Structure formats: C-alpha cells, structure tokens
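Q: Take this structure, written in structure tokens, and hold onto it; I'll ask about it next.
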Amino acid sequence: MSRLAILIIATLPLSAQWLHLPTPGIPRTADGKPDLKAPGPRTADGKPDLSGLWGKASDKYDNNVAADLPAGVVKPWAEAFFQQRKKDFSKDSMDSQCLPFGPVYTTTSFRDSRILQTPGIIAILYGDLVHREIFLDGRQLEKDPNPTWMGYSVGHWDGDTLIVESNGYNDRTWLDNSGHPHSEALRVTERYQRPDFGHIELQVTFDDPKVFNKPVTVPIHMELTTDTEMIEYYCGENEKDRSHMSGSSAPVDVKVPAEILKAYAGSFDVKERTNTVMVEFFAEPDGLYMNYDNQGKQRLDALSETTFSLTGSLFEFIRDKQQAVNEFRIKVVEGDFTGVRRK
C-alpha cells in the first residue's frame, strides 16, 4: 500500500492474522480490554522489559525530522537536497525504491516493530523483513566501521532507561521521508523508557556535523499493539510505479496571502474508513500548518493558493457559493477523503 494512503487510513492497532486470538499474558480491564496503563513488565534481572509489538503514534518526524528546528540548523547544502526532494515528492526515497529505511526506522509510523529482549542482546524485527541487533554485552562501537544500511548498535542501561548508540550507516538512506540527507559521520542516540504497560517514550538524537550545526533530538511516542500480529510486507512484490514517476515541474511552497490562509484555519472532521478524526489548520506567518488527529503540527507546502502538500499527500480547500471555506479534500492513491468544518 502506498505510504500516501497509509498517512490517512493507518490506525493502531493494525489488523493481521490471528485476529481472534487475544495477546496472552497481558493485563486487562474488567471488560477484557488491554490495560495499557498497568505497570510495565520487568525482566528477571529487574530491568524494564521492552518486549512486544510496537507502533508509533505519529508520522510527524518521519515526514520531517527538522519540523521543530529554527532556520539555520540544517546546513545549506543539506537544505538544498531537502527542498529538491520535496519538489520531486520523494520519488527516490527508500520507501519508493524498496530499500531499508536505515535510521528512519526509529521515527517512522509506517513500520511496526517487534522487540525481543534478552540480557545480552535486543533484536528488533520489522514487517518488511528487515531486522536490527542491539548488543548489550559491553562492546563499544567501532571507530571506523564498514558502512551498512542499518548501522551498528550497542546499548546499556542507565537506571530504567535503555540508551542505544549507533553509527556506521551508509549515506544512501535519508533521515526522513521528505528527504533530509545524512553523511556516514551520522551517530544516533536513542533513549527508551517504558512508563507503563502500553507505552514507550523514546528520544532520538541525530548527530551529524556535516548536515546539522548542532545535534537534533525528536520525541517519539510508541504504543503497544495488542490482540493481533505483524503483517509481512514485501515491497518488491508490490512496487510497480517508480519507473513511471517523475519530479514535479510545479513550484513548491507558493507564497499564499495571509488573508487566504486565515480562511482555511479551523477544525474539520474527516471520515476515515472506520472512524472520524479531527484535523486542525493554523494560519501562521510562515505558512499553513496542520495537526492531523492530534499527531502534532506539521507545515504544509503550498502548491497553489488552494492546494497544499504533505510529503505528496494533497490537501485542496473548497469554497462554497458564498466563498466560505467549509470543506477540504485529501487526495491520495486510494481515493479522496473529505473534511467538513466543525460548527
């Protein structure tokens, strides 16, 4: 399935095989639902047990790892790459090429992750048949590693926080789906905390002095996926479109007058396949921002005065006969979705 469609219709938990087999061994409320606020489990040696099937609650930093950064943190050459890749609607991304995501697995909401924890090693399995190893046996990262798609990871415990350090990534992967590059000097530090049974709070720091003027840290909220299993996803079997894709000749981030942006601001309801979610738009001095289903504010790129893009998903505002804006449409490969202004 296209990630453009997943942006709109993906929810947690995902459906898979063994639909009617409840996850064994987890706490439940009186009505039989998973009790995600129950105390988190611990291993025999007293460490928090991170094992489980996990999803990310938001795609914000997968879309743009620099979403919260002020101007000037991203070096000019990297910003130029980012802007060109946005203009091309990320047609050369890892996703569209069926390649491993590399460091993006830490932020993406488009791949569930199965964590398997032992005292000496943590394995993370992804539905696209990629895996990752985090060694807890005291070894240190190599100073001059042979670059790989997934890099090399070592971890240690600081109280109840698992700290993971990684390096050795090749420079063919990106830092997000929109196209921020990285060099082979990239180092990634992750801090995992499991405050209760159903959640992991993760902080990811990207340190690449060739790309950023300072390390960049983003918060990632992970949610336990229960009463289902991971679906196998093999991109090479489904990807047929990339050879037909081409970059856009249309300008990206057109300057839209402030009074027009103000007409789009407000709260809308969008009917997804099985539920209705709220979408908020904000007119700010540097453009139009969106908060989709409380996933965090993300800046939209203006393609015209009425049409905007978020990593290729299109948002088109519609005026009625009185020139009021009470509807917008989301256009993705699976079809159109309509948002109606809340009254």
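The values are calculated or read from the model by the stated rules, or taken from the named source; none is laboratory data. Just so it is clear, the structure is predicted and the values come from calculations on it, not from any experiment. In this analysis, Cβ positions are derived from the backbone assuming ideal geometry, glycine residues included, and neighbour counts consider all displayed protein chains. Accessible surface is based on the protein model in full, side chains and every heavy atom, while ligands, DNA and RNA are left aside. Shrake-Rupley method; radii C 1.70, N 1.55, O 1.52, S 1.80 Å.
Q: Does segment 69-80 include one or more residues that are modelled with pLDDT under 95 and open to solvent by less than 30 Å² (accessible area, probe 1.4 Å)?
A: There is no residue in segment 69-80 that is modelled with pLDDT under 95 and open to solvent by less than 30 Å² (accessible area, probe 1.4 Å).
Q: Condition test on V65, is it free of Cβ contacts under 8 Å to residues at least 40 places away in the same chain and in contact with a helix residue (DSSP H, G or I) (Cβ under 9 Å, 6 or more places away or on another chain)? First the steps, then the outcome.
A: Numbers: free of Cβ contacts under 8 Å to residues at least 40 places away in the same chain: no; in contact with a helix residue (DSSP H, G or I) (Cβ under 9 Å, 6 or more places away or on another chain): yes.
When the stated conditions are applied, V65 does not pass them.
Q: Which one of these does L99 not meet: (1) farther than 20 Å from H199 by Cβ; (2) touching an Asp or Glu at 6+ places or on another chain (Cβ under 7 Å); (3) in contact (Cβ under 8 Å) with a residue 12 or more places away in the chain?
A: (2)
Q: I would also like to ask the following. Going by the conditions given, is R299 over 24 Å from the mean Cα position of the chain (by Cα) and at pLDDT below 95?
A: Numbers: over 24 Å from the mean Cα position of the chain (by Cα): no; at pLDDT below 95: yes.
Here the answer is no, as R299 does not meet what is asked.
Q: Also, quick follow-up: Quick check on segment 19-37: of everything there that is part of a loop (DSSP other than H, G, I, E, B) and without any contact (Cβ under 8 Å) to a residue 24 or more places away in the chain, which residue is most open to solvent (accessible area, probe 1.4 Å)? Give the derivation first.
A: Start the filter on segment 19-37 by keeping residues that are part of a loop (DSSP other than H, G, I, E, B), which leaves 19-27, 29-33, 35-37.
Pick out the ones that are also without any contact (Cβ under 8 Å) to a residue 24 or more places away in the chain and you get 20, 24-25, 29-33.
Working: H20: 175, P24: 109, G25: 85, T29: 57, A30: 117, D31: 104, G32: 38, K33: 127 Å².
Restricting to residues being part of a loop (DSSP other than H, G, I, E, B) and without any contact (Cβ under 8 Å) to a residue 24 or more places away in the chain, the top hit is H20.
Q: Another question, if that's okay. Are there any strands (runs of 3 or more DSSP E) wholly within segment 254-343 with 1 or more residues that are among the hydrophobic types (A, V, I, L, M, F, W, C), and if so which?
A: Working: elements: 266-271, 276-284, 287-292, 297-299, 307-310, 313-319, 325-332, 335-341.
Once the strands (runs of 3 or more DSSP E) in segment 254-343 are filtered for at least 1 residues that are among the hydrophobic types (A, V, I, L, M, F, W, C), what remains is 266-271, 276-284, 287-292, 307-310, 313-319, 325-332, 335-341.
Q: Return the pairs, sorted by first residue and then second, in which the second residue is open to solvent by 30 Å² or more (accessible area, probe 1.4 Å) and modelled with pLDDT under 95, the first residue lies in segment 38-62 and is under 17 Å from D227 (Cα atoms) and among the aliphatic types (A, V, I, L, M), the beta carbons are less than 7 Å apart, and the residues are 6+ apart or on different chains.
A: Pairs found: L53/M230.
Q: Among the candidates T306, T274, which residue alone is of a type in the set (S, T, Y), surrounded by 15 or more Cβ atoms within 10 Å (Cβ to Cβ) and farther than 21 Å from R85 by Cα?
A: Working: T274 fails: surrounded by 15 or more Cβ atoms within 10 Å (Cβ to Cβ).
Just one listed residue meets the conditions, T306.
Q: Which residues, taken from segment 42-68, are open to solvent by 50 Å² or more (accessible area, probe 1.4 Å), part of a loop (DSSP other than H, G, I, E, B) and not acidic (D, E)? Lay out the reasoning, then the answer.
A: Taking segment 42-68 first, the residues open to solvent by 50 Å² or more (accessible area, probe 1.4 Å) are 42, 44-45, 47, 68.
Okay, now just the ones that are also part of a loop (DSSP other than H, G, I, E, B), so 44-45, 47, 68.
Hits for segment 42-68 are A44, K47.
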